[in-house]
């Protein structure tokens, strides 16, 4: 599925972004934040969490919370297909690296978006949040939304993801 996508951390440049599709819309995230891309598999539901937290996945013995960006953004939820996958990210939350996953309909490619081709997030009025948009990448005559994944979540939601991650880290150290 991801054979043609090079995520070699040593070779990553700051202007490289992974593009992906959510509900037929194209988005991008900086490659530097990506740990790996995995096939969509069985998720374990976690009770009493917000609807956009789709569950947790076992990643080589580690429990990783998985976010549905489509649900979070209020987009149409597409059926899980052959190209549905989970992008595993390293997010800096409260000075700690938290591993989390985001479900996407399909991964497209790694592209370079030079800093001078990134426009600031648009201001759409005081009642519309755009703080989760890192910028608008200009590609030919189109724009692609570059996301700041940590800013997608509210402070309470970040705390919840952080707690899910921290609880699993504590249980791992007890087991070892």
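A few notes on this one:
- Looking at the range 26-91, the strands (runs of 3 or more DSSP E) lying wholly inside it that each contain 2 or more residues that are in contact (Cβ under 8 Å) with a residue 24 or more places away in the chain and farther than 25 Å from residue 113 by Cα sit at 53-59, 62-68.
- You will find that of 143, 132, the residue that is buried (at least 17 other Cβ atoms within 10 Å of the Cβ), without any contact (Cβ under 8 Å) to a residue 40 or more places away in the chain and within 19 Å of residue 20 (Cβ to Cβ) is 132 and no other.
- Residues of the range 78-109 satisfying the condition of being surrounded by 15 or more Cβ atoms within 10 Å (Cβ to Cβ) and under 16 Å from residue 42 (Cβ atoms): 84, 85, 86, 88, 101, 103
- Looking only at residues of the range 33-76 that are modelled with pLDDT of 90 or more, under 20 Å from residue 97 (Cα atoms) and surrounded by fewer than 16 Cβ atoms within 10 Å (Cβ to Cβ), we find that the one that is farthest from the chain's Cα centre (by Cα) is 58.
- Residue selected from the range 92-103 under the condition out of contact with any strand residue (DSSP E or B) (no Cβ under 8 Å at 6 or more places or on another chain) and touching a residue at least 60 places away in the same chain (Cβ under 8 Å), by the criterion nearest to residue 27 (Cα to Cα): 93
- Any chance residue 119 is out of contact with any strand residue (DSSP E or B) (no Cβ under 9 Å at 6 or more places or on another chain) and either farther than 25 Å from residue 163 by Cα or modelled with pLDDT under 85 (or both): no
The values are calculated or read from the model by the stated rules, or taken from the named source; none is laboratory data. Computed from a predicted structure; not experimentally measured. When we count neighbours, we look across all protein chains shown, and the Cβ atoms used for this are built from the backbone with ideal geometry, even at glycine.
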